[in-house]
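Structure record follows, encoded as structure tokens.
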Amino acid sequence: MAKKKTVLIVEDEDAIRRGVVDILEMAGYPVVQAADGVAGLAEARRPGIDLVLLDLLLPKKDGFDVLTDLRSTHPSLPVIILTARGSEDDRVRGLRIGADDYVVKPFSARELLARVEAVLRRSPERPQPIVKIVADDTMVDCARREICHGADERIPLSQMEADILFRLATHAGRAVSRDELLSSVWGLSDGTIETRAIDMHITRLRQKLSRGSESGARDWIVTVRGRGYMLGPDLEVVSDTAASESSS
């Protein structure tokens, strides 16, 4: 059986933190804990952390600042925000600065584990093709999770952003619905994630794709009203399954 990945929980309320630790450990996940933002950021940057569960209202350094600083050094480390019920602005802000998902307090053990498993879910036994999207002076490398504008500028992508682009690229020419993205990228089909979360990731992707590039005015991701999203026209998609298998 494959070893479970290590989860860091950054939460200052002892009862909540202990409860989350118990849920994860009972499911077999190794857990690291931190009770404030400074300690949480330090732990997140240590080797061996595969996922961060991050509260927003933290002492010493709030969760937004932790996430912003973490993204500067670990752009692809998955982060799930723990947020209070009704704080839509917090959820939107967190997604904008790089969170992969969020869980609203109070949450059930079943929901928390579903979100954790969805973010961590990968298929190592079946290598994905290396997919690149090219237009003008810009190249997106889904495997390396980065956007290259010209020869000098490289913009990192989060794992969720790279997965969204991968899905759109491997289904170029047709609209990919929000429900399909929820299922294929998040691994969920029960409606527990709002489609607004997908829209926020798409908005952030568009901003990264258009930044500092000769192709800035290009439609990289097109909204198809009532159907979802699709890769923009006149983009070259390069897929190399053999290279992926040889490098895995």
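The values are calculated or read from the model by the stated rules, or taken from the named source; none is laboratory data. This one's a predicted model, so the numbers in the text were calculated from it and none came from an experiment. As a convention, Cβ positions derive from the backbone with ideal geometry for all residues, glycine included, and neighbour counts pool all protein chains shown. SASA here: full protein model, heavy atoms, side chains in, ligands and nucleic acids out. Shrake-Rupley method; radii C 1.70, N 1.55, O 1.52, S 1.80 Å.
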Counting only the heavy atoms of the protein chains, how much of His74 is accessible to a 1.4 Å probe, in Å² to the nearest 10? 60
For Tyr102, which sequence-distant residues (separation of 5 or more, or a different chain) have an amide H within less than 5 Å of its own amide H, given hydrogens modelled in the peptide plane? Ile81
Protection proxy ranking of 35-47, 226-238 - average other beta-carbon atoms within 10 Å, highest first: 35-47, 226-238
Honestly region 1-127 on the Cα gyration tensor test (a ≥ b ≥ c root eigenvalues; a/c under 1.5 rounded, otherwise a/b vs b/c for prolate or oblate) is just rounded
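For Thr73, Thr6, write out the residues from largest to smallest accessible area, computed with a 1.4 angstrom probe and no ligands counted.
Details: Thr73 70, Thr6 25 Å².
Sorted descending by solvent-accessible area, the residues read Thr73, Thr6.
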Using modelled amide H (1.01 Å from N, peptide plane; none on Pro or chain starts), what sits under 5 Å from the amide H of Ile221, excluding residues fewer than 5 places away? Gly232
Amide H to amide H, which residues 5 or more places from Val176 or on other chains are under 5 Å from it, using H placed in the peptide plane? Tyr229, Met230
Aspartates and glutamates whose Cα lies under 15 Å from that of Lys61, excluding same-chain neighbours fewer than 8 positions away: Glu11, Asp12, Glu13, Asp36, Glu43, Asp69
Around Arg174, with a cut-off of 15 angstrom between Cβ atoms, what is the net charge of the other residues, counting Lys and Arg +1 and Asp and Glu -1? +2
